[in-house]
Amino acid sequence: MAEKSIVSENSTLKRKKSEILETGLNSAEVESRRAQFGFNEIVEKKINFLLQFAKRFWGLTAWLLEAIIILSIFLQRYADVYIILSLLILNAVLGFWEEYRASKAVETLKEKLVVNARVLRKNVWRVLPAREIVPDDVVRIRHGDFVPADVEIVTGYLEVNQSVLTGESFGVAKNAGNLLHSGSVVNRGEACGIVVSTGVNTSLGRTVQLVQLAKPKLHIEKVISNVVRWLLVIVSVLAIVALVCSIFRGFDIIDTLPILVVILFSAIPVALPAMFTVSMALGAKELAKKGVLITRLSAIEDAATMNVICVDKTGTLTMNKLSLVKTLVYNEFSEKDVTFYGALASQEANYDPLDLAFIELAKQEMLPVDAYRQTSFVPFDPKTRYTEAVIQRGNERFRVIKGAVKAISKVCGLTEIEIKELEDQTQECALKGYRTLAVAKTDKHIGQYRLVGLAILCDIPRFDSKQAIHELNGLGISVKMLTGDALSIAKETAKNVGLGTQITLISDLKADVKENSLFTEEKVLKIDGFAEVYPEDKYNIVKNLQHNKKIVGMTGDGINDAPALKQAEVGIAVSSATDVAKSAASVVLVNEGLTSIIDLVKNGRIIYERLTAWILSKIIRTLQVSIFTVLTFLLTGSYTISTFGVIMYFFLTDPVKIALSTDKLQGSNNPATWKITGTIKASAILGTLIIVESITLLYITLNVFNISVNNPVIYTYTFEILFFSALFLNFNVRERRPFYKSIPSKILTSTIIASLIIGTMLATVGIPNMAAVPINETLIILGLSAFFSFIINDSIKVFMIQKIGVKW
C-alpha cells in the first residue's frame, strides 16, 4: 500500500507540472510560492553603520588617545583635548569610509537581477520584472536575454555564454532537460523552461552570499597594532617607573602627570593615518597614470607582500573570444579558402562568436567577402548542426555551409573511413582545448557539396600573458590559473602562457580533502592550475592559500570571480570585468592584460619601504623621548623636558614623517615581509645609540655650557637634542645601504631643511615657554648630532645589516 501511495503522489506531481506548463501559475500559486521563497532578489545583509562607526573608537590606538584626552581634561589642558579629539575623529572617519565603500560590492551584485522576463501566468504571456518570478513559473528565453533565475529547459535549444559564472570561454549548448544558470546570457536560440530556483538559491545568489562572507585580511593593521602594543608596554613601564620615582623623591603627583602625558603621547602613531593615506594616495595617483585604479588604498601595501596570485583564465590570460588559429585544407582548396567560405557562411549581425571569428580573420586577410552577397541565410540549427547561405556574385551562384565536422562530412557524401579520419583529427584538437568546424561549398546553386577544409578555433592567450607571468615569477610571485574550462583546455592554455605543468581538476582536490586535509593544503601550494572550477571553489582556494600564510592576489572579470576577488588581499578586476567584479575588487585595471600588475607590485614594494622607514623611525623616536625623559629624571632628579617642548618636537618632525611618503626608494625583487622581530632589534640598537648620544649632549649642556637643570632654558636645549637627532634619523632609516647611496625626494629634502630652519630659529630667538639659546651652542649641538647620525649611527647600521644579519 505504501508503494502504491508513493506512485500515485508522483503521478499527481507530474500532472500538476504538465498543467503548469500549459497555463502557467495562477495568482494563488504565485502568492503561495512567494510566501515560501520570497522575491527573486538578493536580500542584502543589513549593516548598522552607526555601530560600525562606533567600533572605530575601540582599539589600542583609540584607547591611548582617549586616555590622554581624559588626562588632559583633568589637567585642564583643553587645547590638547581639542587637537587629540580631532585626530581621534579623523582616524575614525577615514576607517569607516573605507568599510562603507567596500559594502557597495553586494549592492552592485543585487542590481544584476533588475531585468525583465517573459512569464506565462493564467494562460497569458506577460513581461514582468524578474524580481516577481517564483519557482515553477514558466518563462520564455531567447537570443540576447539575461537568464533571470535558474531555469530547466522544457522545449527548445539555446547556446549560452556562462563565462561570467563558470569561466567557460566557449558557448554552451542547452537542450530540453538542461539547467540554465542565473546570470548566463543567451547567444542564440529560443526555449521555454520552468523556474527551479530564485534569489539567493540560484547560482548567482550563492555567489552573492560568498561575497558577503568574504573579508580580506588587512595585514598593515595587524602590523601597526603589534607595534603600538609593543610601544605601549615600554611606555607603560617607563611611566610607572617615573611615577614611583617621583613619589619617592617627594614630587607632587599632579606635577608629574604632564610628563606622563608626554611619555604616553610619544607612543601613539599620530602621524600614521596621514602618512599612510598620503603615501597610498600618491601611489594610487602614480598607478592611475599607468592604467591601474586603486579602490582600497591598503591594497597597494598588500601588493608589496603578495607572494601568490591566482589568475582567471578566460578574459585574463586569454582574449575571451574565439579566434581562428589554424586550417586544414581538402581537395584543391587553400587555407584562405577555408576562411573565405567560412566567412560567407556567417552573418555579423547575429553576434555569434563562431561567425565573428571567421569574419574577423577574413577582414584581417583582406579577403573579398564584401564582393559577394548573401541571398539567403539559415542560422545554426541543432537538428542539422550547421549554418547555410546562398551566395551570389553576378551570374555566379553557389551554397556554403559550416558546422559540426560529422554533419558536414555526411552532407559532402564522404565515406565512413573518411569521416572516421576527420573525427579523429577533431578529437585530437579537442584534447588540446580547440574547437573544430568543417566548411563546404557547392560549385553551383544546386549541386553536391565539397569539403573545403577544417577550421580550428580557440580562445587564444593574450600576447602579453607569457611575459607577464615570467616577470611575476621573477618578482618571487607564484602564479596559479583558475578556470571553469575542461582539464584539456586548462593544460593547453598553461602550456601556451608558460605556466607549470601541475594542472589538476578541482574535483580531484576535493576528493583528496576527504582523505587527508593537511596533505591537500600542502598540495595546493604545488599546483599550478585548477580546471572545472566553480565560484565557491575559487573562494575556497584563496582562503586555503591564506590559511597557509600566503598573501594572495586574485584576478578576474566575471560574477563568478567576485567572492574570491573580495576575499583576496589584492583583488584585481581586469579591464573587461563586470561591474560586480570591479566593485568587489580592490584594484581595477584600465588596460588589458596582466602587465599593469607588474607596476602595481613594484609600486607597492616602494611604498612598503617607506612604511618600514616610518615604523622604524617611530619606534626609535618613542624609545628616545620616553627613555631619555625617565633616565634624565633619575640622573638629575628633575624633569629636563617640558610638555610644550615635546609638542613642538612632534609638531616639527611629523611633517617630515609624512614627507617620507614621497621618498624615492628602491623596492625589493622579492615579496616584502613584515619582519617585526628584526625591526625591534634594529630599533633597540639604533635607539640605544641615540639615547646614549642624547645623554652625552645633555652632559655637554650641563657641564660645558654650564646650564643648571633648574634653569628653564634647559627645556630648549633638550628640545634641540631630541629635534636634531630625529631629523637626521630619517637619513639612517630610509636606506639599508650607506645613507649617501641614494638621494631623498625633493619634497622630503625640502621638508627636512624647512623643519631644521624653523626649529633652529625658534630655539635661537626664543618664544613663550621656550627660552632662547645662543646660536653658537645651537650650532655645536647641531654639528654633533649630524656627526653622530651620519658617521657613527650609519656605520653601525650598515654593519648591523651586513655582518650581524639584522634585517627589517
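Values for this structure:
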quantity	calculated
Greater than 25 Å apart at Cα, pairs in Lys285/Lys746; Lys523/Lys549; Lys495/Lys602; Lys566/Lys602; Lys290/Lys807; Lys410/Lys491	Lys495/Lys602; Lys290/Lys807; Lys410/Lys491
Top positive-direction residue, dipole computed over the chain with Cβ charges, set Gly403, Gly193, Pro768	Pro768
Karplus-derived HN-Hα couplings along region 648-665 (A = 6.51, B = -1.76, C = 1.60, θ = phi - 60°), whole Hz, x at Gly and Pro	5, 4, 5, 4, 8, 9, 4, x, 5, 5, 5, 5, 4, 5, 9, 5, 8, 10
Nearest-0.05 FRET efficiency for Ala281 and Val244, computed from C-beta distance (R0 30 Å)	0.10
Region 300-367: chymotrypsin sites (Phe, Trp or Tyr not before Pro) in DSSP coil with no more than 15 other Cβ atoms inside 10 Å	Tyr351
Bridge type composition, the chain - antiparallel percent by DSSP, nearest 5	75
Counted charge near Val127, where neighbours are those whose Cβ lies closer than 15 Å (Asp, Glu -1; Lys, Arg +1)	+4
Per-pair calculated FRET efficiency, R0 = 41 Å: Ile676 and Phe146 via Cβ, rounded to 0.05	0.25
Cβ-Cβ FRET estimate between Tyr82 and Ile801, R0 fixed at 45 Å, reported to 0.05	0.55
For Val311, residues with placed amide H under 5 Å, excluding near neighbours	Lys480, Met481, Leu482, Thr555
Amide proton proximity set for Ala117, modelled H, under 5 Å, gap of 5+	Leu128, Ala130
Under the Karplus curve 6.51 cos²θ - 1.76 cosθ + 1.60, θ = phi - 60°, whole-Hz ³J(HN,Hα) for region 719-724, x wherever Gly or Pro sits	4, 4, 4, 5, 5, 5
Chain lengthening between Ile695 and Gln467 when straightened (0.36 nm per residue, less Cα-Cα)	76.5 nm
Radius 10 Å from Cβ of Phe398, net charge of other residues (Lys, Arg +1; Asp, Glu -1)	+3
Computed [θ] at 222 nm, helices only, for the chain once each DSSP H run of length n ≥ 4 contributes -39500 (n - 2.57)	-17500 deg cm²/dmol
Estimated distance in nm for a label pair at Thr384 and Asn669, the labels positioned 7 Å out from Cα along Cα-to-Cβ	6.2
Inter-probe distance in nm under a simple model that places probes 7 Å from Cα toward Cβ, at Glu22 and His445	4.6
Residues whose placed amide H lies under 5 Å from that of Lys326, excluding near-sequence neighbours	Ile456
C-alpha long axis of helix 535-547 to longest principal axis of the chain, angle in °	30
DSSP loop trypsin sites (Lys or Arg not before Pro) with at most 12 other Cβ within 10 Å: longest gap in the chain	550-808
Rounded to the nearest 10 Å², the accessible area of Phe728 at probe 1.4 Å	20
Positive-end residue of Ile714, Ser742, Thr696, charge dipole of region 685-765 with Cβ unit charges	Ser742
Listed residues Met761, Met481 arranged by accessible area, highest first, probe 1.4 Å	Met761, Met481
Residue-by-residue Karplus 3J(HN,Hα) for region 455-465, coefficients 6.51, -1.76, 1.60, Hz, glycine and proline x	10, 9, 10, 7, 8, 6, x, 5, 5, 9, 5
Length gained when the stretch Ser708-Glu66 is fully extended (0.36 nm per residue, less Cα-Cα span)	227.5 nm
Over the chain, volume per residue of the alpha carbon convex hull, in Å³	235
Added length on full extension, which subtracts the Cα-Cα distance from 0.36 nm per residue, Leu75 to Ser376	99.1 nm
For region 346-380 and region 638-655, distance of Cα centres in Å	77
Heavy-atom accessible area per residue - region 598-690, 1.4 Å, Å²	29
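The values are calculated or read from the model by the stated rules, or taken from the named source; none is laboratory data. No experiment lies behind these values; they were computed from the predicted model shown. Counting neighbours? That spans all protein chains shown, and the Cβs are built from the backbone with ideal geometry, glycine included. To get the accessible areas, we keep the full protein, side chains included, count just its heavy atoms, and leave off ligands, DNA and RNA. Shrake-Rupley method; radii C 1.70, N 1.55, O 1.52, S 1.80 Å.
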